[in-house]
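Visitor: Structure below; questions to follow.
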Amino acid sequence: MVTVWGRTSSSNTQKVLWVLRELGKEFTLVAASARLGAASEFLESGPVFGVVDTDEYAAMNPHRLIPTLKDSSRAGEDPVVVFESTSIVRYLATAHGPHLYGGTAAGMARASM
């Protein structure tokens, strides 16, 4: 099971979701946002996400930003929690899709630029 906390209007969350879809990984998206919390100046109406202001979220991501990913899909391994979108993308490629970067250190370096 892979869970992503974020919002689909966030470009940082979008790149994580894109990689998950490229990998064909099933995932759950939990609507979460710092900018669209209850006191957001961007909200006139519509959904309030919040979530990032909770102690549970801060335990996963002390920066309280989105996105955050929790990967419980690797049999026999403890769940992995990763935050910061580029770190999440690198983790997903390394753990689930080395074909995305050619499976080499040089390929990862080129893909990371």
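The values are calculated or read from the model by the stated rules, or taken from the named source; none is laboratory data. Keep in mind that this is a model prediction, so the values were computed, not measured. Here Cβ is always computed from backbone atoms with ideal geometry, including for glycine, and neighbour counts include all displayed protein chains. When the accessible area is computed, the model is the full protein with side chains, heavy atoms only, and any ligands, DNA or RNA have been set aside. Shrake-Rupley method; radii C 1.70, N 1.55, O 1.52, S 1.80 Å.
Visitor: From zero outward in steps of 5 Å, how is the percent of C-alpha pairs of the chain spread across the bins?
Guide: Going out from 0 Å in 5 Å bins, the chain shows 2, 12, 21, 22, 18, 12, 7, 4, 2, 0 percent.
Visitor: In the chain, carbon and sulfur make up what percent of the accessible area (probe 1.4 Å)? Could the numbers behind the result be given before it?
Guide: Working: 3590 of 6720 Å².
The value for the chain is 53 percent carbon and sulfur by accessible area.
Visitor: I've got another one for you. List the GluC sites (Glu not before Pro) within segment 45-113 that DSSP assigns to loop and that have no more than 14 neighbouring Cβ atoms inside 10 Å. Could the numbers behind the result be given before it?
Guide: Details: sites: GLU56, GLU77, GLU84; in loops: GLU77, GLU84.
Counting only loop positions with at most 14 other Cβ atoms within 10 Å, the GluC sites (Glu not before Pro) in segment 45-113 are GLU77.
Visitor: Suppose every K and R has +1 on its Cβ and every D and E has -1 on its Cβ; what is the size of the dipole of the chain about the Cα centre, in Debye to the nearest 20?
Guide: Values: 10 positive and 11 negative charges, 89 e Å.
Dipole magnitude for the chain comes out near 420 debye.
Visitor: So, counting K/R as plus one and D/E as minus one, what does the shell of residues with Cβ under 14 Å around PRO62 add up to?
Guide: Details: positive: ARG64; negative: ASP53, ASP55, GLU56, GLU84.
So the environment of PRO62 carries a net charge of -3.
Visitor: Residue-wise, which Karplus ³J(HN,Hα) couplings in Hz belong to segment 60-76, taking 6.51 cos²θ - 1.76 cosθ + 1.60, θ = phi - 60°, and x for glycine or proline?
Guide: 8, 9, x, 7, 6, 10, 10, x, 10, 10, 10, 10, 10, 8, 8, 4, x
Visitor: What FRET efficiency, computed as 1/(1 + (r/R0)^6) with R0 = 41 Å and r the Cβ-Cβ distance, is obtained for VAL81 and ALA106, rounded to the nearest 0.05?
Guide: 0.90
Visitor: With a probe of 1.4 Å, find how much accessible area the chain has per residue, and write the answer as a whole number in Å².
Guide: Working: 6720 Å² over 113 residues.
Normalised by residue count, the accessible surface of the chain is 59 Å².
Visitor: Give the long-range amide H neighbours of THR68: residues separated by 5 or more places, or on another chain, with amide H under 5 Å away, using H modelled in the peptide plane at 1.01 Å from N.
Guide: It is TRP5, by chain and number.
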